[in-house]
Amino acid sequence: MSILTIKNLHVSIDGNEILKGLNLEIKGGEVHAIMGPNGTGKSTLSYAIMGHPAYEVTEGEILLDGRDINELATDERSRLGLFLAFQYPVAIPGVTVANFLRTALNARRRADNPDDKGISILAFRKLLKERMNMLKMDHAFAGRYLNDGFSGGEKKRAEILQMATLKPKIAVLDETDSGLDIDALRIVADGVNALSGDDLGVVVITHYQRLLDYIKPQFVHIMFNGRIVESAGPELALVLEEKGYDWIREKYAE
Ligand code: ADP
Ligand code: MG
């Protein structure tokens, strides 16, 4: 089981401090939700976890299983088992979903075992089919260029397909619910729930309570102005649904 520990994290973009001392701990098998108004730094947190070069950690630590990962490049973090489903996935014309996933999967396998020869094409096809069936995706998806011309919902499903194929230890889903209709939401949630039973630790970032009707978090955190200001059980999401964020703005106004 893995543990991601974030201690007193401060992150700046172009010299502007966005995260201002954020603490969070995620263990394998746990589902955490982070909610908060737009512009409070939720995506900044997810980029900082993955090591986006524009997001400078000025203070604090990000530890995976006790190891400080601050100096590691994004691909190294991915190989260690961290995963981010983007809020705005990028299209990669010319690279098919299948090719992308097989290459990424093989890189992950080699990190665990340097002698790994890579998954056979046949075994990979079988795996991909299984995962696509789980997410109720048309198999034709595998042959399309990654995110190229995908609808909002298709992009989100492609992100979850990546997660289901790579089997990370800790996954951050950044507003995976936006652009999904109820059916797609349920499918995505089923996928996440199936994997979290498998020891995956999940951070679900969402603006709305709706996704949490389908993905049941044990922990709900409210983020405001670059910090986590409230943490509680699932009941906290219901409070937000009822009262919105105004009470948070008043309570934590600077
Ligand atoms: P959230 O995901 O909670 O809506 P973000 O992390 O996207 O919030 O943004 C937090 C703040 O950081 C906002 O004020 C936003 O304008 C700023 N910000 C985010 N990304 C960048 C960037 N690449 N360059 C400059 N400012 C940014
Ligand atoms: Mg965001």
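The values are calculated or read from the model by the stated rules, or taken from the named source; none is laboratory data. Note that this is a predicted model, so its numbers are computed, not measured. As a convention, Cβ positions derive from the backbone with ideal geometry for all residues, glycine included, and neighbour counts pool all protein chains shown. Keep in mind that these areas ignore ligands, DNA and RNA; they rest on the heavy atoms of the full protein, side chains included. Shrake-Rupley method; radii C 1.70, N 1.55, O 1.52, S 1.80 Å.
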Region 49-75: number of residues that are aromatic (F, W, Y) and exposed (fewer than 15 other Cβ atoms within 10 Å of the Cβ): 0
Those strands (runs of 3 or more DSSP E) lying entirely in region 154-254 with at least 2 residues of a type in the set (V, I, T) and within 16 Å of ligand 2 (Cβ to nearest atom): 201-206
Which listed residue, of K167, K136, K155, is closer than 25 Å to G41 by Cα, open to solvent by 20 Å² or more (accessible area, probe 1.4 Å) and out of contact with any strand residue (DSSP E or B) (no Cβ under 6 Å at 6 or more places or on another chain): K155
Qualifying residue in region 10-24 (condition: closer than 18 Å to A171 by Cα, away from ligand 1 (no atom under 13 Å from the Cβ) and within 15 Å of the chain's Cα centre (by Cα)): yes
Condition met for N147 (of a type in the set (S, T, N, Q) and either open to solvent by less than 30 Å² (accessible area, probe 1.4 Å) or touching a Gly at 6+ places or on another chain (Cβ under 8 Å) (or both)): yes
Contacts under 7 angstrom Cβ, first residue in region 18-46 being assigned to a loop (DSSP other than H, G, I, E, B), partner β-branched (V, I, T), 6 or more apart: G36/I222; G41/I18
All positions within region 19-48 that are buried (at least 16 other Cβ atoms within 10 Å of the Cβ) and within 11 Å of ligand 2 (Cβ to nearest atom): I34, G36, P37, T40, G41, K42, S43, T44, L45, S46, Y47
Options I248, I215: the member that is more than 20 Å from the chain's Cα centre (by Cα) and open to solvent by less than 10 Å² (accessible area, probe 1.4 Å): I248
Answer residue from region 105-115, given it is open to solvent by less than 30 Å² (accessible area, probe 1.4 Å) and either in contact with a helix residue (DSSP H, G or I) (Cβ under 7 Å, 6 or more places away or on another chain) or of a type in the set (G, A, S) (or both) and is modelled with the highest pLDDT among those: L105
Residues of region 63-83 classified as among the aliphatic types (A, V, I, L, M), part of a loop (DSSP other than H, G, I, E, B) and more than 12 Å from A171 (Cα to Cα), total: 3
One residue from G191, G179, G197 being under 30 Å from M132 (Cβ atoms) and buried (at least 20 other Cβ atoms within 10 Å of the Cβ): G191
